[in-house]
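Reading through the structure tokens given below for one structure.
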Amino acid sequence: MIIVAGYMEGESYGLLGPQLAASIIEENTLYECIVVALPREFDRSLLKKALQDYFGNRRPVIGFSYLAGRTDLFSLARELKEEDSFTILAGPQADVDFLGEKGREDHPHYFQGLPDCFSMAVHGPAEQILSLLSRPADLQTVSNPGLLKTSSTWKEEYLTKIRWDHLYGLSNGTLDPLSVTTAQVLQQIGCPHAARTRTIGIDYPVALRKSEKDNVSLSLKGCSFCDVAIDKGFHGALSLDAVLEQIHRLPDGADGRKIPFELINENAIPGLPALLAGVFAKGIRISQINLTLRADWFLLAATVLREALALARDMNVRVLLGSMGFESFDDRILSNLHKGLDVETNLQAVKLMRDLKADFPGHWAYARQEGAVHGFIHPTPWDTPETESNNAQTIALYGLLNDILPERSVPLIIHHASALGDWAREIEKREKIRFKREGSTIGWWQVGNRLII
């Protein structure tokens, strides 16, 4: 079996979801399973040759995950299915992408889903597919079982035994191993910001707004643009022992310490001293922990973070704040994104990041030049001369181009199943317009053939 995943050209990071799934499959079935990382530019004919060499005369069983809306991978899956491969869509949003956009039956321009591309979809924990894979002979003949979605929750015993040596890339028609230099360790499933449902009003796009009061009322969990909030919500944290087991299984780097890893937990700081103490107690030598955090929770845990950094200094461990989702420095846009915080919170977080660098220069990192990529969403449908001015003034006044902002911003991406997908469909209904669809995303910037940005 192979799991195909989207990847960035020239990188060497691990793929937690696909590699965990491959590890579960190999541990619990007769299948050998590798992960094949495909950048946006790859030779399809050479890939098919490599697949033929790998599978031989057996019917190919090929999973797809981490597709990020890539239509080239959708079409690849369709071709492989038509050529009698058994193709499985898995990973985040597998169910809604397989089935298609809400209301698609009555709206031909909506995203129609991917049943033509995949033999089936699996939503949720990977172990759900084990019963199907336990009967390889049956799988050679089954064609279209559809969507596999159960009420199963994530179980710790399946989440700790991750292999990092079965990631491959395509090179001159062969599948060659990729050396993973940065991995991920799962500590929390989902996001606490997505734990509760709230009802908010989100502004109309500026180009369609007739009044300052024009908005769409939505019930949502988490950030309005976040499809993961819809996909997972919040399922809580793993035990410390489960996290330490994952760290223990990480590959060693050239210096004999574990390779750097991202700790998957947007509120990781409260537990960071205990994690570092646990690592020390077990004699595990680590080099770097990468964090992805929210600005508000970062500020609330400032005292605990200083305690953790003192431990990290004693252990000669670097803590990199690899990403903070600032997204904007305008309060109106932050409100429409439902970040749950304001510009002042973002700026206080920037100050704390800089202060910590002065206090822990060798063991705290946060800047773009040190490998961080912080979130900044632009353009958005709500950009006005006022919001542009607010962003520009704040960026200049606080020197955010020096160390905080990324090389380039990311435009607002609306996945069809996110809360903003509901927002876009309601505006289409009210205004009798059609936003363009780009695969599984909604092109808010284009109505029919007319750009509105």
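Translational diffusion coefficient of segment 259-389 at 4 °C, 1.567 mPa s, Stokes-Einstein with Kirkwood Rh over Cα pairs, in µm²/s as a whole number.
Details: Rh = 15.6 Å.
Estimated diffusion coefficient is 83 µm²/s.
When the Kirkwood radius is taken over all Cα pairs of segment 1-149, what Stokes-Einstein diffusion coefficient follows at 20 °C and 1.002 mPa s, in µm²/s? Using the Kirkwood radius from Cα pairs, D works out to 136 µm²/s. For the chain, the Cys residues with no second cysteine's beta carbon closer than 4.7 Å are Cys33, Cys117, Cys191. Across segment 393-453, C-alpha contacts under 8 Å between residues 6 or more apart give a mean separation that, scaled by the residue count, equals a relative contact order of 23 percent. Can you classify segment 406-445 as rounded, prolate or oblate using the Cα gyration tensor, where a ≥ b ≥ c are the square roots of its eigenvalues, rounded means a/c under 1.5, and otherwise it's prolate if a/b beats b/c and oblate if not? In terms of gyration-tensor shape, prolate.
Determine, for each peptide in 321-327, 271-277, the mean count of other beta carbons within 10 angstrom over its residues, then list the peptides with the highest first. List each step's numbers first, then the result.
Values: 321-327: 22.6, 271-277: 19.0.
Highest to lowest by the protection proxy: 321-327, 271-277.
Of the residues Ala274, Tyr204, Leu186, the one whose Cα sits farthest towards the positive end of the charge dipole of segment 180-283 is Tyr204 (charges of +1 on Lys and Arg Cβ, -1 on Asp and Glu Cβ, taken about the Cα centre). Among DSSP beta bridges whose residues both lie in the chain, state the antiparallel percentage, nearest 5. Roughly 35 percent of the beta bridges in the chain run antiparallel, per DSSP.
What segment 38-128 shows is 43 Å² of accessible area per residue, with the surface traced by a 1.4 Å probe over protein heavy atoms.
Could you size up the charge dipole of segment 291-441 around its Cα centre, putting +1 on the beta carbon of Lys and Arg and -1 on that of Asp and Glu, and report it in debye to the nearest 20? Don't jump to the answer; show the numbers that get you there.
On the way: 18 positive and 21 negative charges, 89 e Å.
Its charge dipole is roughly 420 debye.
Each of Ala308, Thr153, Asn28 was scored by the projection of its Cα onto the charge dipole of the chain, and the greatest displacement toward the positive side belongs to Thr153; charges sit on the C-beta of Lys, Arg, Asp and Glu.
Where only protein heavy atoms count, and the probe is 1.4 Å, what is the accessible area per residue for segment 171-211 in Å²?
Solvent-accessible surface per residue comes out at 45 Å².
Rg/Rh for segment 310-453: what does it come to with C-alpha atoms and Rh from Kirkwood? My calculation of the ratio gives 1.07. Taking each DSSP H run with n ≥ 4 as -39500 (n - 2.57) and averaging over every residue of the chain yields -9500 deg cm²/dmol at 222 nm.
Would you mind estimating how fast the chain diffuses translationally, via Stokes-Einstein at 20 °C and 1.002 mPa s with the Kirkwood radius over Cα pairs, in µm²/s?
Values: Rh = 23.5 Å.
Rounded to a whole number, D works out at 91 µm²/s.
The protection proxy used here, the mean number of other Cβ atoms lying within 10 Å of each residue, ranks peptides 17-25, 187-195 as follows, highest first: 17-25, 187-195. Considering every alpha-carbon pair of segment 260-318, the percent of pairs per 10 Å bin, from zero through the bin containing the longest distance, is 24, 58, 17, 1.
If you put +1 on each Lys and Arg Cβ and -1 on each Asp and Glu Cβ, how big is the dipole of segment 1-146 around its Cα centre, in Debye rounded to 20? Could you put the intermediate results ahead of the total?
Working: 12 positive and 21 negative charges, 33 e Å.
That gives a dipole near 160 debye.
Spherically averaged projected area of the convex hull of Cα atoms, segment 294-369: 4.9 nm².
When the solvent-accessible area of segment 45-98 is split by element, carbon and sulfur atoms take up 52 percent of it, the probe being 1.4 Å. Database remark: amide H of Tyr366 closer than 5 angstrom to the amide H of Leu321 (H placed geometrically; neighbours at sequence offset of 5 or more, or on other chains; Pro and chain starts carry no H). Rounded to the nearest 20 debye, the dipole magnitude of the chain is 360 debye, with +1 charges on Lys and Arg beta carbons, -1 on Asp and Glu beta carbons, and the Cα centre as origin.
For the chain, the relative contact order works out to 13 percent when only alpha carbon pairs closer than 8 Å and six or more residues apart are counted. Taking every Cα-Cα distance in segment 242-291 and sorting them into 5 Å bins starting at zero, the pair-distance distribution P(r) comes out as 5, 20, 33, 28, 11, 3, 0 percent.
Counting only protein heavy atoms and a probe of 1.4 Å, the accessible surface of segment 224-323 is 54% carbon and sulfur.
The values are calculated or read from the model by the stated rules, or taken from the named source; none is laboratory data. Quick caveat: nothing in here was measured; it's all calculated off a predicted structure. In this analysis, Cβ positions are derived from the backbone assuming ideal geometry, glycine residues included, and neighbour counts consider all displayed protein chains. Just the protein is used for accessible areas: all its heavy atoms, side chains included, with ligands, DNA and RNA removed. Shrake-Rupley method; radii C 1.70, N 1.55, O 1.52, S 1.80 Å.
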